[in-house]
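Structure, as structure tokens:
Laboratory data are not the source of any read-out in this text; all were calculated from the coordinates shown. On a predicted model such as this, the values are computed, not experimentally measured, just so you know. Ideal geometry is used to build each Cβ from the backbone, glycine not excepted, and the neighbour counts take in all protein chains shown.
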Amino acid sequence: MSNAPFVIETLFDAPVAKVWKALTDHGEMKKWYFDMVSFKPEIGFEFQFTGGRPDGEKYIHLCKVTEVVQNKKIAYSWTYKGYNGYSIVMFELFAEGAKTRLKLSHEGLESFPSDNPDFDKKNFEEGWTYITGKSLKEFVEQEPA
């Protein structure tokens with residue numbers, strides 16, 4: 001497996017402030033991302049959620065915010081309860097006129113157990129492609145309620 005981080009970029013027809021709010025506001029995150037008990041965009045804040053393929057095993061994700069730059073970047077550790085491995089997910093925002101380019105990086109995927117097919121890099125690619133390219137995109141591009 002390559003040690004290169006997974007990187008995906010998506011252009012949203014929405015301003016940076018709206019995308020930032022979707023990435024960092026607990027109430028907004030629950031609408032398009034994962035159902036977390038709580039979330040705060042503060043360095044050191046720890047959160048967890050359960051996720052996995054709809055027809056597969058569920059995993060408890062343990063995360064800790066590692067970096068926050070208002071309206072520009074948020075990063076957090078991404079590990080799994082009961083499994084070896086440590087990774088970092090980073091969301092970076094770039095204004096392009098009235099639109100926003102999101103660069104998502106997920107590094108450290110090679111540290112997860114290689115004998116578990118659920119931790120295969122292609123599954124992360126599929127998941128992040130859906131999350132950023134469909135779920136988040138549709139959420140931030142919808143008309144205000």
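Quick notes
- When HIS26, HIS106 are arranged by Cβ crowding within 10 Å, least crowded first, meaning fewest neighbours, the order is HIS26, HIS106.
- Exposure rule at most 11 other beta-carbon atoms within 10 Å, DSSP loop GluC sites (Glu not before Pro): the chain longest free segment: 58-145
- Exceeding the 26 Å Cα-Cα cut-off - candidates LYS18/LYS122; LYS18/LYS58; LYS31/LYS64; LYS40/LYS72; LYS64/LYS99; LYS81/LYS121: LYS18/LYS122; LYS18/LYS58; LYS64/LYS99
- What the phi angles of region 43-51 give under the Karplus curve with 6.51, -1.76 and 1.60, with θ = phi - 60°, is a coupling list of 4, x, 5, 9, 8, 8, 7, 9, x Hz, glycine and proline written as x.
- Percent RCO, i.e. relative contact order, over the chain, from Cα pairs under 8 Å lying at least 6 residues apart: 28
- The modelled label-to-label distance between ILE43 and ASN84, using points 7 Å beyond Cα along the C-beta direction, is 3.0 nm.
- Counting every other Cβ atom within 10 Å of each residue's Cβ, TYR83, TYR76 order from fewest to most as TYR83, TYR76.
- Structure-derived Kirkwood radius over Cα pairs in Å: which label, when the choices are (i) 17.5; (ii) 15.7; (iii) 20.0: (ii)
- Between region 13-45 and region 99-133, the alpha-carbon centres lie 19 Å apart.
- Angle in degrees between helix 121-130 and the longest Cα principal axis of the chain, rounded to the nearest 10: 20
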